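Following: one structure in structure tokens, then a few remarks.
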Amino acid sequence: MFANRTGIRETNERTVLSVIVNEGPLSRANLSEKIGLNKASVSAIVKTLIEQQLIQEVGIGESTTQGGRKPIMLELNKAAGFAISVDIGYDYIDTMIHYLDGSTRNRKLLPFRTIEKNTITADLVTIIQEITAKLPKSPFGVIGMTIAIHGVVQNNWITFTPAYDFADFPLASELAQHFDFPILIENEANLLALSEHAKNNAYHNLVGISIHAGLGAGIIMNDTLYTGENGLSGEIGHMIVHINGNPCSCGGHGCLETYSSEKVILEAFRDISGNPEAIIPDLYRAYVAKNHQAIQLIDNMIDYLTIAVHNTIALYNPKVIAIHSEISRLIPSFPEQIKERLPRLTAQNIELKTAQLGEEAILFGAAVVTISNFLEVPKFELK
């Protein structure tokens, strides 16, 4: 069967746009060479994309060794629209507005929030209206919003949330009554993995481990996010590490996250320190001061995470595992301490590291989803 001409043209437009987005600034001649389209076709597509205000001419490049006219360079018009990212944690709401290249326009973190189903829609509407109120005019305005949920998500639907009561709550459709842009819902560990992959496309197989109220993993296999049959893939917080152990919100007993999530570790530190208001930096300061109980808490956490990392490597054999948690950011040796405790088999040829984009990694992963969906490009790299 032959492809129709309209389909070919649309495919070529997406290819040209994708190359400009990820490799620009580029000249028309560069594009022709990279894509394998003749210069006339590339020029016609570029003309269309400029008219749509998705790309722009940004200056003059260097001429070739043969001399001649210096080429006009092309790049994504990053100010053509804005993407909204939201991370709903167990006690916070973190938001960011991005330009179309994924870079940050502004961020607003709202800590120590009560997260409940009956108030979250109104809270988000108010927050989003506030952070978008002063956006400048642009050709496309707000192109979409992606919300990170700490739980299981499938097909834009929340099926399980251990930290708040969002299971089977139609958050996307509730918000769609207030906003006229696409609203996407995704698991926060998946967004972590997407941000890591978009930041370094040499990582074709990677796992991002997110440690907050619970513990989850986002899995990239052969450059593709793997979510499993019903979105449950990567829920490593619910691998059992103690038979008949601590009760878990999933209905099981002895799950990993009941021993090694940040929430569990922090609650234990509050108990032993006698400070019910203690936060993660307080635990870190006690750890650095060589407080025996703080050291023991972190050491136990690393022991349990070593089990999770070992099992993850044995199952998926990624090139790299990126860890996202406040504790791992404060303790630079955290990933290396895990690697040192791995058995020889799984310690080979694995890179363990802290997530490249720090505490904002999940928000950047959300931007990757929103912008890729809008531009309809096969891949999107964060520069």
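Odds and ends about this structure:
- Of the residues 19, 35, 136, the one whose Cα sits farthest towards the positive end of the charge dipole of the chain is 35 (charges of +1 on Lys and Arg Cβ, -1 on Asp and Glu Cβ, taken about the Cα centre).
- Per residue value of the accessible surface for the chain (all protein chains in place, 1.4 Å probe), Å²: 48
- Each residue of region 361-369 is assigned a 3J(HN,Hα), and the resulting list reads 4, 5, 5, 5, x, 4, 4, 4, 5 Hz, derived from the Karplus form 6.51 cos²θ - 1.76 cosθ + 1.60 (θ = phi - 60°), x at Gly and Pro.
- In nm, spacing of pseudo-spin labels at residue 242 and residue 299 (7 Å Cα→C-beta vector): 1.7
- For residue 55, the residues whose modelled amide H falls within less than 5 Å of its own, excluding neighbours fewer than 5 places apart on the same chain, are 50, 77.
- The sum of -39500 (n - 2.57) across all DSSP H runs of n ≥ 4, divided by the residue count of the chain, sets its helix-only mean residue ellipticity at 222 nm to -12500 deg cm²/dmol.
- In this calculation the C-beta distance from residue 135 to residue 267 is compared with R0 = 45 Å, giving a FRET efficiency of 0.70.
- Rounded to whole numbers, the Karplus 3J(HN,Hα) couplings from phi for region 98-114 are 10, 6, 5, 8, x, 5, 8, 8, 7, 10, 9, 9, 10, x, 6, 9, 8 Hz, using 6.51 cos²θ - 1.76 cosθ + 1.60 with θ = phi - 60°, and x at Gly and Pro.
- Most mobile listed residue (17, 54, 330) in the chain, GNM with C-alpha springs under 10 Å: 330
- Additional length obtainable on full extension of the chain from residue 280 to residue 125, 0.36 nm per residue less Cα span: 52.9 nm
- Close amide H pairs (under 5 Å, H built 1.01 Å from N) link residue 323 with 209, 353, 354, 355, residues at least 5 positions away or on another chain.
- Separation of the residue 107 and residue 156 label points, Cα + 7 Å toward Cβ, nm: 2.8
- The HN-Hα couplings worked out from phi for region 275-289 by the Karplus form 6.51 cos²θ - 1.76 cosθ + 1.60 (θ = phi - 60°) are 10, x, 9, 4, 10, 3, x, 5, 4, 4, 4, 5, 4, 5, 6 Hz, whole numbers, x standing for Gly and Pro.
- Across 11, 121, 146, mean-square fluctuation computed from a Gaussian network of the chain (C-alpha pairs under 10 Å connected) peaks at 11.
- Along the chain, the longest continuous region that contains none of the chymotrypsin sites (Phe, Trp or Tyr not before Pro) in a DSSP loop with at most 15 other C-beta atoms within 10 Å is 113-383.
- Solvent-accessible area assigned to carbon and sulfur over the chain amounts to 50 percent, based on a 1.4 Å probe.
- Label positions at residue 319 and residue 14, each projected 7 Å from the Cα along the C-beta direction, are separated by 2.4 nm.
- Placing +1 on the Cβ of every Lys and Arg and -1 on the Cβ of every Asp and Glu, with nothing else charged, gives region 206-320 a dipole about its Cα centre of roughly 200 debye.
The values are calculated or read from the model by the stated rules, or taken from the named source; none is laboratory data. All values derive from a computational prediction rather than experimental measurement. Cβ coordinates were reconstructed from backbone atoms using ideal geometry, including for glycine residues, and neighbour counts include every protein chain displayed. Heavy atoms of the whole protein, side chains included, go into the accessibility calculation; ligands, DNA and RNA do not. Shrake-Rupley method; radii C 1.70, N 1.55, O 1.52, S 1.80 Å.
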